[in-house]
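Just below is one structure, and these are the notes that go with it.
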Amino acid sequence: MQLRLWKWAWLPLVLLIAAKMKQVGGRNYLDLARTDNRLTRLPFFGGGVGHLLRYLHPLTMNPASERGRISELRSDLDANYVRYRGAQLWKLNFNATRGSSMAEREEEEEEEDAGEERQVVDSPDAQFNEVVALFGSEVWNINQDGIDILIEQRNVADARKFMEKVGFSYNIMIDDIESAIDETYVEVPAVEHPLDSVRNNSLPWMERPGSLMSWRRYHDQADIQQFLQTLLETYSENVEIIQIGVTRNKRPLEVIRVSNGNPDNWAVFVDAGLQARDWLSPAALTYAISKLTHLWGRSKVKGQGQRAEKAMRRIDWYFLPLANPDGYQYSRHTDRLWTKNRAFDSESGCYGVNLDRNFEYGWGGTGSTSNPCKNLYRGAESFSEPESRALRSFLSGMREYLGAYVSLGGYGQAITYPWGDADYVTENQRDLKLTARRAVLALRRLNQAEYSAGTSYRQKLARPGNSADWVQDRIGPQMVFNMFLKDQGRYGYLLPPHYIVESGEEVFEFMRTIAQQLQ
């Protein structure tokens, strides 16, 4: 009898799925997940039908009319879905930005949110602060072209009037954030993607039998895990997976090690995705890992064409493709612009700690906040989070043989190195500067990508309590870098998946440069 009741309990779910298969722009909803007339493979849904329904979203779309429906479909699957309809990304282009760092701008925002009195004067800098304080919900970045700020829909009209009044110039980079969010869920059609060249064997590492990763779209955490397992099975002699910890939501923090087993090798550790809304760096890093393991495997066989360089095979590579899996999954399903992890603060009722503000060096400085409800929340203390503690423990154990540490993130197209809190000089700065400059030239030759290089402080990309400064201070390897990937503000954190492959190639090129320079 109980079995019979359980069987009928599925009926509402079946009806719900059927309802989701209503026509969208003349096409069946589930047909939107088809590419080349083949149904895209989905991962095993250990969470049951609820997980399945949260996963379903259009992967390929052609008519523009269909794209307006995507956010509605996602919100139907998640009652807590956060909408950004009508919000805009502005780039402010005026000289008032010349003397302020990103951290200082963010600190000004936090002071405004805390209700601190702000002195109003008529200088250009003060007027810029007016824009940020009165109309901008967040400063996304400061780069060579200007300052990128997010303007909520309710503030757009007033912000335009203010800009006309003061006579400052600005560009609207994204006129509707929600539509730009929709674009990040699109799967790139094969005809527009380098996968076409797989048939000519020019990018064979993009075709992994048994793997769900395609680099034609941004993938869920489960797909990334499955990709790592596929590499472990394929290259068992050179690949190892190490679980260095678990998150508050019990997701594993998995490091993949690629090595020839030589005990004299230097180690290079690369992480990605500390910021949840940064989908590009995990995608680009998994691409680089796929290319490295493929070429490494071919290096054992003579006459196999392109192979991994000898310098890269003399390194023990450690990769953490998803340093913030809880926040990443939350941004996938609920709030696309979520940046923190998913820690819960019982006093405020707010969630999340910014992991790139939670490391000990410089913790609590300008550019972070003690308010648990803000994006820049640094945590109750340094290393309060399981993700940052796991990195601390694992990297501390590598102290004797860690040659380089790289943290990938978005965005800004910059290669930076310590320090970020002041214009100090590290003992290894000469080597850092030389390697960064060579990487910039290599990236320019690769695909005309224009990256800048310098200290985090000089590049105005300082973050108090960030991982790179802590590694430099406490571990002291030969090289420590942050690599901020594409772009320079056209899309910001909402870069369409068309850019995954070229960003992955840039990450691989940077890894190759480090391997060549590491002594």
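All of the numbers you see were taken from the coordinates with simple rules; none came from a lab. All values reported here derive from a predicted model rather than from experimental measurement. A quick note on method: Cβ atoms are made from the backbone with ideal geometry, for glycine too, and the neighbour counts reach across all protein chains shown.
Here are a few things to note about the model shown:
- Around the Cα centre of the range 408-494, unit charges on the Cβ atoms of Lys, Arg, Asp and Glu (plus for the first two, minus for the last two) sum to a dipole of about 380 debye.
- Anisotropy class of the range 416-519 from Cα gyration tensor, a/c 1.5 cut: oblate
- Sequence-distant residues sharing a close amide H with ASN482 (under 5 Å, placed H): SER407, THR416, TYR417
- About its Cα centre, the range 128-191 has a charge dipole of approximately 380 debye under the convention of +1 per Lys or Arg Cβ and -1 per Asp or Glu Cβ, with nothing else charged.
- For VAL353, distant residues with modelled amide H under 5 Å away: ASN341, ARG342, ALA343
- Across the range 254-359, the relative contact order, built from alpha-carbon pairs under 8 Å that are at least six residues apart, equals 37 percent.
- Label-to-label distance, nm, for residues given as TYR424 and GLU237 (7 Å Cα→Cβ offset): 4.6 nm
- Efficiency of FRET from Cβ geometry, GLU164 and PHE344, R₀ 60 Å, rounded to 0.05: 0.90
- Modelled this way, with points 7 Å down the Cα-to-C-beta line, the labels at ALA311 and TYR401 are 2.2 nm from one another.
- With the simple model of a label 7 Å out from the Cα in the direction of the Cβ, GLU152 to ASN371 spans 1.1 nm.
- Span from the the range 376-408 Cα centroid across to the the range 215-284 one, whole angstrom: 16 Å
- 31 Å Cα-Cα threshold exceeded, pairs from LYS291/LYS433; LYS374/LYS433; LYS250/LYS374: LYS374/LYS433
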